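**Student:** Sharing a structure, written as structure tokens. Questions coming.
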Amino acid sequence: MNLTLWIIAGLLAFAFAGAGLMKLTTSKADLLPKMPWVADVSEAQVRGIGAIELLGAIGLILPPMVDIAPVLAPIAAVGLALTMAGAAIVHIRRGDGVAAAVPAIVLGALSVFVATMRFGAESF
């Protein structure tokens, strides 16, 4: 189970790091065709969401990898799950439909799974 959790955490970290870096390095105008929701928020908010996603990705992997404060990994997973809950709500409220919220729901559910297992039976 530990290997499974590492694989899921790695995939989550990859996805969140990529999304976070894109939000941090791409202008709001360039993000608009791919992410229509950015029209409803300020550029600072887009950058803030990107920073949260990138820090969460780092928090999933780095602390347990270097064995310094590994409890930060499930805390990061909880933070990412909350971020994805917010993303799903935004998509549904905007009228983007449930299909637009599915990636956020899946990533959020995987984050909850990692947090639950790392706080519980498979803690570091």
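**Student:** Using alpha-carbon pairs under 8 Å, 6+ residues apart, how would you state the relative contact order of the chain in percent?
**Tutor:** 27
**Student:** Of Leu107, Pro74, Phe16, whose Cα points farthest to the positive end of the dipole of the stretch 2-119 (charges on the beta-carbon: +1 Lys, Arg; -1 Asp, Glu; origin at the Cα centre)?
**Tutor:** Of Leu107, Pro74, Phe16, it is Leu107.
**Student:** Looking only at Gly48, Gly18, Gly95, which one moves most when the chain is put into a Gaussian network model with springs between Cα atoms under 10 Å?
**Tutor:** The residue with the greatest mean-square fluctuation here is Gly95.
**Student:** Phe14 to Ala69: extension gain in nm, 0.36 nm per residue of separation minus the Cα-Cα distance?
**Tutor:** 17.7 nm
**Student:** Using only DSSP helix segments of four residues or longer, with each worth -39500 (n - 2.57), what per-residue ellipticity at 222 nm results for the chain after dividing by its residue count and rounding to 500?
**Tutor:** Roughly -27000 deg cm²/dmol at 222 nm, from the helical runs in the chain.
**Student:** Shifting gears a bit: Ordered by packing density, taken as the mean number of other Cβ atoms within 10 Å over each peptide's residues, highest first, how do 81-93, 51-63 rank?
**Tutor:** Peptide ranking by packing, descending: 51-63, 81-93.
**Student:** Another one. So what's the gap between the Cα centers of the stretch 95-124 and the stretch 20-34, to the nearest angstrom?
**Tutor:** Answer, in whole Å: 23.
**Student:** Mind checking the full-extension length gain between Gln45 and Ile105? Use 0.36 nm per residue of separation minus the Cα-Cα distance, one decimal, nm.
**Tutor:** 19.5 nm
Bear in mind these aren't lab numbers, they're just calculated from the coordinates by the rules spelled out. For clarity, every value in this text was computed on a predicted model and none was experimentally measured. Because the Cβ atoms are built from the backbone with ideal geometry, glycine has one as well, and the counts that use them run over all protein chains shown.
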